[in-house]
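The values are calculated or read from the model by the stated rules, or taken from the named source; none is laboratory data. Quantities reported herein were computed from a predicted structural model and do not represent experimental measurements. Every residue, glycine among them, receives a Cβ derived from its backbone with ideal geometry; neighbour counts consider all protein chains shown. To get the accessible areas, we keep the full protein, side chains included, count just its heavy atoms, and leave off ligands, DNA and RNA. Shrake-Rupley method; radii C 1.70, N 1.55, O 1.52, S 1.80 Å.
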Amino acid sequence: MTALAPLARADAACDAPVCLVSRDSLALSHLIDFEDIPNSMGIGTAIDALLARPGARFGERFAGQALLVEGDYDRVEGLARPPLTALPGAPGQSLGAMRLPGTVVLHGLGQRGFPRDAAAGEGMIAIEFEHDHGALAFDLRGGEQGHATVIFLRRDGSEIARLSIGPLAEESYGFLRNAAQPDIAGILILNSDPQGIAIDNLAFDDPRLTG
């Protein structure tokens, strides 16, 4: 089952494969936050296995992709293998959860590894959706004028588009697919921000609510 195309205001018109739009221009029915993950201030908690939540699974990269390193940052090489499948990283180098004032955020752990501060936010985040989508949104936390790349993938592992966003700040980002049939099965988030980045409040449609 695929999600229905989301409602979007005129200012969210998209003439590229995937467009960066205002989060508020998208009517999305399902929200994932990370408030239930055990965590603490500072470096927080390492998540070595896949993180499963209703509608999505979170890992480091996708099956078929090889992990590379560029300085302290994770990079990826190769094509995702069908069907698109999220994989965790090595222990202490996959994902982490951290408490910030008023919220808990999810970040990728870089090659320096947990519990080193320098690892927090420098790794990749792979998100595999249970259903294909035509739009999604998330809040970015910790941006310090660096850049991030969001790669959008189909269920067969092929790439739809990659968007570069930046200079980064703590903002909400929405993404709208320009296609008759929603086909975003997953995304991969990489960054080169001086302090690394985290995400919160991932939103997308839930087919049980939209049809």
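Mind checking whether some residue in the range 97-104 is under 30 Å from P207 (Cβ atoms), surrounded by fewer than 21 Cβ atoms within 10 Å (Cβ to Cβ) and touching a strand residue (DSSP E or B) at 6+ places or on another chain (Cβ under 8 Å)?
yes
Would you check which residues across the range 153-180 are more than 21 Å from T85 (Cα to Cα) and among the polar types (S, T, N, Q) and list them?
Across the range 153-180, the qualifying residues are S164, S172, N178.
Name the single residue, out of those in the range 105-130 being aliphatic (A, V, I, L, M) and open to solvent by 10 Å² or more (accessible area, probe 1.4 Å), that is nearest to the chain's Cα centre (by Cα).
The extreme case among them is A120.
Can you spot a residue in the range 159-169 that is touching a residue at least 60 places away in the same chain (Cβ under 8 Å) and in a loop (DSSP other than H, G, I, E, B)?
No, the range 159-169 contains no residue that is touching a residue at least 60 places away in the same chain (Cβ under 8 Å) and in a loop (DSSP other than H, G, I, E, B).
Which of the residues spanning the range 142-158 are under 16 Å from A179 (Cβ atoms) and among the polar types (S, T, N, Q)?
S158
Quick one: would you say A185 is open to solvent by less than 30 Å² (accessible area, probe 1.4 Å), over 21 Å from S22 (Cβ atoms), part of a strand (DSSP E or B) and of a type outside the set (F, W, Y)?
So A185 passes the test.
For the range 107-159, give me each residue that is touching a strand residue (DSSP E or B) at 6+ places or on another chain (Cβ under 8 Å), hydrophobic (A, V, I, L, M, F, W, C) and farther than 15 Å from I187 by Cβ.
Listed by number, the residues that qualify are L109, F114, A119, A120.
How many residues does the range 72-89 hold that are free of Cβ contacts under 8 Å to residues at least 60 places away in the same chain and assigned to a strand (DSSP E or B)?
Count: 2.
With G92, G113 as the choices, which residue is free of Cβ contacts under 8 Å to residues at least 24 places away in the same chain and in a loop (DSSP other than H, G, I, E, B)?
The conditions single out G113.
Would you mind stating whether G89 is in contact with an Asp or Glu (Cβ under 7 Å, 6 or more places away or on another chain), under 18 Å from F152 (Cβ atoms), modelled with pLDDT of 95 or more and surrounded by 16 or more Cβ atoms within 10 Å (Cβ to Cβ)?
Against the criterion (in contact with an Asp or Glu (Cβ under 7 Å, 6 or more places away or on another chain), under 18 Å from F152 (Cβ atoms), modelled with pLDDT of 95 or more and surrounded by 16 or more Cβ atoms within 10 Å (Cβ to Cβ)), G89 does not qualify.
Check the range 72-79 and report whether any residue there is at positive phi and out of contact with any helix residue (DSSP H, G or I) (no Cβ under 7 Å at 6 or more places or on another chain).
yes
Name, by its number, the condition in (1) surrounded by fewer than 21 Cβ atoms within 10 Å (Cβ to Cβ); (2) over 14 Å from the mean Cα position of the chain (by Cα) that does not hold for R57.
(2)
Report yes if H133 is of a type outside the set (S, T, N, Q), at pLDDT 95 or above and surrounded by fewer than 18 Cβ atoms within 10 Å (Cβ to Cβ), otherwise no.
no
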